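Down below is the structure, laid out as structure tokens.
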Amino acid sequence: MAIQIKNAEEIERMRVAGRLAGEVLDYVAKFVKPGVTTNKLDRICHEYMLHEQGTIPAPLFYAPPGYKPYPKSICTSVNHQVCHGVPGERVLKDGDILNIDITVIKDEFHGDSSRMFYVGSPSIQARRLCEITYECMWRGIRAVKPGGFLGDVGAAIQEYAEGHGFSVVREFCGHGIGRRFHEEPQVLHYGRAGTGVRLEPGMIFTIEPMINAGKAAIRELGDGWTIVTKDHSLSAQWEHTVLVTDSGHEVLTLSPGAPAEPPIR
Ligand code: MF3
Ligand code: CO
Ligand code: CO
């Protein structure tokens, strides 16, 4: 199916879903501390989505072709876990870095966002990876404008990540999003400027770079979902859902607790 151009009404519904995804991250932040299990974070988010927001957690029982149904309501990826970490009885400990990835459905539309969280006091190198990855996401976002190319997004991310000695995960990418969780186009986090899909107002997609401190290679765990770095190096990821506007872009998953955009340098 081709890339959909969302109309004004659809965009408004995507704004609502996007903000709600961000607000789940705002809410769960205070529960991230040494001693909590990832299952507990899953339950906290699940209850908040259903009973406070009236949203549906999109991951729960999500089963793209070739996957078994995802068993939880959020993804929690710790340390060398790259993405799609399945919540369980793991107890978070001081120094861990954690990605929480939230996708809500509200009024038929999806909002998808993830952030890194520090458990206690991670090492300087772990925090640096998280910060560089955050900057990567924003450099990708800033490349979004009508008449630009998806390759501009990937190139901006790759250049910044590799320029700091980190590597970009290739097997997973951002994605169009709307009534469906994963739509066209695929948004690669590497590539060449001026190549790929031409951006048009009304396109909505996620930018969600996964950046490794070591090599780019990954593998899947036996649970059929959790992705880890092959060399066990740390990995970080941030995600926003972004609209192409007539003049540039609008980030749909901002919320009151979202960290500020980094200064433009
Ligand atoms: N939220 C993830 C993304 O950004 C997808 C998670 S799929 C799940 O695309 F089933 F693991 F939840
Ligand atoms: Co996504
Ligand atoms: Co996500």
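The values are calculated or read from the model by the stated rules, or taken from the named source; none is laboratory data. Small disclaimer: the values here were computed from a predicted structure and weren't measured. Cβ coordinates were reconstructed from backbone atoms using ideal geometry, including for glycine residues, and neighbour counts include every protein chain displayed. Protein only, heavy atoms only, side chains kept; ligands, DNA and RNA dropped before computing areas. Shrake-Rupley method; radii C 1.70, N 1.55, O 1.52, S 1.80 Å.
Structure notes:
- Shape analysis of region 44-185 based on the Cα gyration tensor places the equivalent ellipsoid semi-axes at 25, 23, 14 Å, largest first.
- Distant-in-sequence amide H partners of C75 (H built 1.01 Å from N, under 5 Å): D101
- Computed on the chain, with alpha-carbon pairs under 8 angstrom and 6+ residues apart, the relative contact order is 23 percent.
- Furthest towards positive pole of dipole, L25, L41, A2, structure part the chain, Cβ charges: L41
- Cβ charges +1 (Lys, Arg) and -1 (Asp, Glu), total dipole of the chain, debye: 500 debye
- Rolling a 1.4 angstrom probe over the chain with all protein chains present gives an accessible area of which 55% lies on carbon and sulfur atoms.
- Hz values of 3J(HN,Hα) by residue in region 120-136 - Karplus curve (6.51, -1.76, 1.60), Gly and Pro given as x: x, 10, x, 4, 4, 5, 5, 5, 5, 4, 5, 5, 5, 5, 4, 4, 4
- Shown in residue order for region 98-114 are the 3J(HN,Hα) couplings computed by the Karplus curve 6.51 cos²θ - 1.76 cosθ + 1.60 at θ = phi - 60°: 9, 9, 10, 10, 10, 10, 10, 10, 9, 6, 6, 10, 9, x, 9, 8, 9 Hz (x for Gly and Pro).
- Modelled this way, with points 7 Å down the Cα-to-C-beta line, the labels at A260 and E89 are 4.4 nm from one another.
- Separation of alpha-carbon centers, region 1-39 and region 192-265, rounded to whole Å: 14 Å
- Computed magnitude of the charge dipole of region 143-263 (debye, nearest 20; Cβ of K, R +1, Cβ of D, E -1): 200 debye
- Shape box of region 8-251 [Cα atoms, principal axes, largest first, Å]: 48, 43, 33
- Computed from backbone phi, the HN-Hα couplings of region 249-260 come to 8, 9, 7, 8, 9, 6, 8, x, x, 5, x, 5 Hz, rounded to whole numbers (Karplus: 6.51 cos²θ - 1.76 cosθ + 1.60, θ = phi - 60°; Gly and Pro given as x).
- Distant-in-sequence amide contacts of F149, defined by a placed amide H-H separation under 5 Å and a gap of 5 or more residues or a different chain, comprise G194, L199.
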